[in-house]
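Taking it in order: structure first as structure tokens, then the write-up.
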Amino acid sequence: NSVAYSPSGTLASVSDDAALIVWNTDTGEPLSVLTGHSARVNTVAWAPMVEGMLATGGLDSKVLVWTDGPSDGPVVSAVAPRGGQPDKMSRKIQQHTDLVSSVAFSRHDNALASGSYDKSVVVWDLDEWSVVTKLEHEKQVSCVAWNPQQARILASGGGGDSILVHNTETSEVVARLTGHEDWVKALCWCPHDGRLLLSASDDLSLIVWNALEGSVQQRMQGHEDYLSAVAWCLGDDDLIASASSDRTVRLWRVSSGAQVAVASDHSDEVRAVAWNPVKTAELASGAEDNFVLVYAVTGVGSGAEAAVQVTVKHRLQAHSGGVNSVAYSP
């Protein structure tokens, strides 16, 4: 499950209730409630290259691409929550035969990657609405992440204990990162350093890798149950956030590996976490308790020794099921 901020700082969330909700985080009110999936939605991401475009993936094995206004293909859903003309339409792209666990847009072109429990990663060219490549895994795929600096480099992880780094142009595996002892559940590249990759695993650890060298830069532990999501702060390369089934969001300093803050405001498993790319001291999380929480974070960008505090700004409730993914627009 997932939450995501848009590039302009708008927040999206998806849920067990099969809905995609776009929020105004200043007011705490939903802007749109969009439906198109027939079952639980696991993941959401905003497109950096196309304003207003999102992608979602679900238990129904579908990837839906949502756009402002008419799509180039068959409309799956058109919703106008405040009356008038539909504000978003969606096009279905389908190559997977099992649930879609993760979607991610490239920052360099209009490419979308989707990972699935069918043991594959599919890379799509959304300008042509065509498949660029299909990358096979030995086990289920739970997460995909594009490198922010190298256009064709994509990381993926899942049921095995290793992370694969792919060149999507050649379909080659250029690195295999081994160090976890269980499922790899989440991946995130450092926004300003394309060498550094953050991973979270069911072995209860977070690892920062030098993906070019295949070496472990930092290992962090402190969660008491499975990890579900990670996010790297765009306003502070030394600050990361993690979410876990232990009902907490935790913040960490990369340089020291120290846990610097714990937010225990959810009443059930936390499945998603995302930093606002515009208001970089804002963080969002989503949980099995049906809530999206928006936090104010102090100490962002103030140095490794600065105190970090997390305070709830808004409790967003419109979902009728657990929140699986959140994302801010880029």
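Structure notes:
- Of the residues making up segment 175-222, those that are out of contact with any Lys or Arg (no Cβ under 6 Å at 6 or more places or on another chain), under 17 Å from Cys233 (Cβ atoms), of a type outside the set (S, T, N, Q) and buried (at least 17 other Cβ atoms within 10 Å of the Cβ) number 12.
- Considering residues of segment 151-167 that are closer than 19 Å to Gln140 by Cα and over 18 Å from the mean Cα position of the chain (by Cα) only, the residue least open to solvent (accessible area, probe 1.4 Å): His166
- Glu181 vs. criteria among the acidic types (Asp, Glu), more than 19 Å from Ser242 (Cα to Cα) and outside any strand (DSSP E or B): no
- Residue selected from segment 48-61 under the condition at pLDDT below 95 and either open to solvent by less than 10 Å² (accessible area, probe 1.4 Å) or not acidic (Asp, Glu) (or both), by the criterion farthest from Phe105 (Cα to Cα): Gly52
- On the stretch given as segment 272-298, residues that are at pLDDT below 95 and out of contact with any strand residue (DSSP E or B) (no Cβ under 7 Å at 6 or more places or on another chain) total 3.
- Search result, residues across segment 274-330 that are at positive phi and either open to solvent by less than 30 Å² (accessible area, probe 1.4 Å) or of a type in the set (Phe, Trp, Tyr) (or both): Gly299
- Cβ-Cβ under 7 Å pairs, at least 6 apart or on other chains, segment 132-146 side buried (at least 18 other Cβ atoms within 10 Å of the Cβ), far side in a loop (DSSP other than H, G, I, E, B) and basic (Lys, Arg): His137/Lys119; Gln140/Lys119; Val141/Lys119; Trp146/Arg107
The values are calculated or read from the model by the stated rules, or taken from the named source; none is laboratory data. Worth saying up front: this structure is predicted, and the values here are computed from it rather than measured. Heads up, the Cβs are rebuilt from the backbone with ideal geometry, glycines too, and the neighbour counts pull from every protein chain shown. These area figures cover heavy atoms from the full protein model, side chains too; ligands, DNA and RNA do not enter into them. Shrake-Rupley method; radii C 1.70, N 1.55, O 1.52, S 1.80 Å.
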